Amino acid sequence: MKKNKKLWKIIIPAAIVIVLIGAVIVNNMKNAGEAIAEAMKVEAVTVEKGNVAETIETNGTVVSGEEKVIFSPVNAEVETAEFQTGDLVKEGQKLITFDVKDLEEQNQKAELTVRANQLGYQDSVNKSNEAAVKQAQAQSEVSSLQAQVDAKKQEVADLTAAVSGDAKGQAEAQKQAANEIEKQIKALQKELKKAEKALGKAKEAYEKAEIEQQTAQVNFEAASSAQDVEKLEESREALNAANQKLAEKKGDYDAKQEAVNSLNTQITELQSSLAGTGSQVEVNADLQKKLETAQAELADLQVRLEGQKSIADTDAGTLSSAARAQMQTNNNLAELESKSLEELIAEGKQGISAEFNGVISDKQVVEGATVSQGMQLFTLQSIDNVNVEVVLSKNVYDKVKEGQKAEITLAGQTYKGTVSRISRIATEGAAGTNQAATASAGIMAEIHLDHTDDNIFLGVDAKVKILAEEAKDVVVLPTEAVNIGKDGTFCWVCEDGILTKRSIQTGVSSNECLEITEGIEEGEQVIADPGEHEEGDNIVLTDGSKK
């Protein structure tokens with residue numbers, strides 16, 4: 001009995017120890033299994049459809065979309081100029097007034113300059129027309145003299161043959177010469193009819209231009225007497241045009257008259273030559289004398305022909321259309337500078353007012369200063385027409401298009417805007433600040449503010465957010481669920497309990513999500529962060545959609 005009790009005392013503690021050890025082992029195995037199961041868990045996001053808006057965020061400078069440089073309309077002393085650079089002015093606000101006491105003297109000098117220019121222009125036109133007439137006459141004489149030279153050469157040849165005793169040849173030569181002269185006379189007579197017809201038309205045009213010039217002169221004198229500034233300017237322009245037209249028509253008429261006279265002279269000379277060919281040579285002495293005479297006449301004709309060719313081929317000194325236009329433009333500029341006294345005084349008394357709501361910049365005038373006509377006074381920049389200039393980096397400029405909407409923030413105020421202009425030239429060293437990497441060159445763009453107010457300040461910085469692209473009701477994924485590898489864009493999915501890469505194609509993107517155009521369908525589950533798991537690991541999905 002004592003031995004049995006001792007044995008149980010040994011067995012029971014040993015059994016308890018064994019049970020305890022088993023319990024510890026089972027508990028450890030359970031904990032290890034739970035730890036492994038927990039380690040295999042990864043959160044998944046259920047793919048849904050939604051809207052994606054891609055925005056380009058950058059900084060820009062507020063500038064005016066309309067500015068006007070104001071110049072002095074008169075030569076006068078500035079009486080008042082009560083504004084400074086940076087002042088805000090309203091449309092219609094009086095900015096500058098002038099003292100107009102010296103305008104009369106300035107205007108008289110300008111009118112004398114205009115008159116001198118007009119006289120110089122008319123003198124050049126007249127000389128040009130005279131040169132054109134001489135050149136036209138020379139060109140007409142060349143063909144006529146060439147015909148006379150050819151005829152005279154034939155006459156000399158005929159007389160030479162007659163002198164040599166070839167009577168038969170002489171007769172035939174004379175007959176041939178007569179025929180040739182008759183042909184020339186007929187050709188010249190035909191040409192004469194055309195020239196006379198052209199002369200008649202030129203005369204009618206000249207007489208009509210003369211009447212128009214006289215009428216314009218009368219109108220100009222009447223406007224001068226009436227001191228009607230507007231009509232005086234109109235009548236002066238009409239008189240200048242009429243004088244120019246009259247000079248052109250007279251030159252044309254003179255040239256055609258000279259052509260008719262030249263043809264008549266040529267016909268008369270040829271008729272005299274024709275009459276001379278009909279007489280028979282009685283003795284060789286007479287033939288010899290005629291030959292000598294014909295040779296002298298031939299030499300004279302050849303000299304005249306070369307002289308007329310020289311005139312016809314050289315620059316006659318006529319005014320080209322471009323030169324005429326330039327001189328007329330100079331006259332017009334002089335006339336513009338020479339406004340009438342009444343106009344200058346009226347403009348001076350009217351002064352200068354703001355043409356639109358804006359801010360003064362680049363003021364270059366002070367009270368008491370004497371300004372000249374055309375002198376720059378100041379620049380007015382509109383605050384109703386305002387832009388924000390931004391620089392887009394090479395990574396984002398292709399996403400921005402004209403017409404896209406934008407949101408501009410400056411001085412705590414938010415404004416709506418529209419992309420109005422995109423430069424087609426990159427500017428080196430001006431990449432700007434935006435959500436993409438800064439580049440060494442950037443593309444300038446302008447954002448036009450749809451509405452402005454008095455809180456606008458020009459030249460300040462503004463934050464700009466451009467709505468570049470938008471996709472609605474499309475498959476989307478959170479940005480953190482989309483990865484980029486050496487083989488392209490992909491996301492992590494679970495296929496048969498295995499962590500797997502899935503190649504995808506993306507579209508419009510924002511800071512929060514991306515449009516998925518290919519590779520993932522609505523309702524599938526995507527793993528945003530696989531943690532320390534690698535491709536091919538066993539995983540267990542948990543719902544992380546809410547997160």
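Numbers at a glance
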read-out	value
Subset of the range 517-536 that is closer than 20 Å to K49 by Cα and either outside any strand (DSSP E or B) or in contact with a Ser or Thr (Cβ under 6 Å, 6 or more places away or on another chain) (or both) - its residue that is modelled with the lowest pLDDT	A528
Any hit, the range 49-68, residues being of a type in the set (A, V, I, L, M, F, W, C), at pLDDT below 85 and more than 60 Å from the chain's Cα centre (by Cα)	no
Tabulated pairs, the range 81-103, first assigned to a loop (DSSP other than H, G, I, E, B), second of a type in the set (D, E), C-beta under 6 angstrom, 6+ apart or interchain	A81/E367
Residue check, S143 open to solvent by 40 Å² or more (accessible area, probe 1.4 Å) and assigned to a helix (DSSP H, G or I)	yes
Filter pass, D150 being in a helix (DSSP H, G or I), at pLDDT 85 or above and exposed (fewer than 15 other Cβ atoms within 10 Å of the Cβ)	yes
Any chance V26 is at pLDDT 85 or above, among the aliphatic types (A, V, I, L, M) and either part of a helix (DSSP H, G or I) or open to solvent by less than 80 Å² (accessible area, probe 1.4 Å) (or both)	no
Subset of the range 84-107 that is touching a helix residue (DSSP H, G or I) at 6+ places or on another chain (Cβ under 8 Å) and at pLDDT below 75 - its residue that is most open to solvent (accessible area, probe 1.4 Å)	E104
Residues within the range 489-511 that are in contact with a Ser or Thr (Cβ under 6 Å, 6 or more places away or on another chain) and either within 14 Å of K41 (Cα to Cα) or exposed (fewer than 13 other Cβ atoms within 10 Å of the Cβ) (or both), tallied	2
Residues within the range 171-192 that are over 18 Å from L301 (Cα atoms) and either open to solvent by less than 20 Å² (accessible area, probe 1.4 Å) or at pLDDT 80 or above (or both), tallied	12
Selection status of S262, of a type in the set (S, T, Y), open to solvent by 50 Å² or more (accessible area, probe 1.4 Å), assigned to a helix (DSSP H, G or I) and modelled with pLDDT of 80 or more	no
Any chance D496 is modelled with pLDDT under 90 and more than 27 Å from E57 (Cβ to Cβ)	yes
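The values are calculated or read from the model by the stated rules, or taken from the named source; none is laboratory data. Here the structure is a predicted model, which is why all the values come from computation and not from measurement. Every residue, glycine as well, gets a Cβ built from its backbone with ideal geometry; the counts of neighbours run over all protein chains shown. The area values use the complete protein model at the heavy-atom level, side chains included, leaving out ligands, DNA and RNA. Shrake-Rupley method; radii C 1.70, N 1.55, O 1.52, S 1.80 Å.
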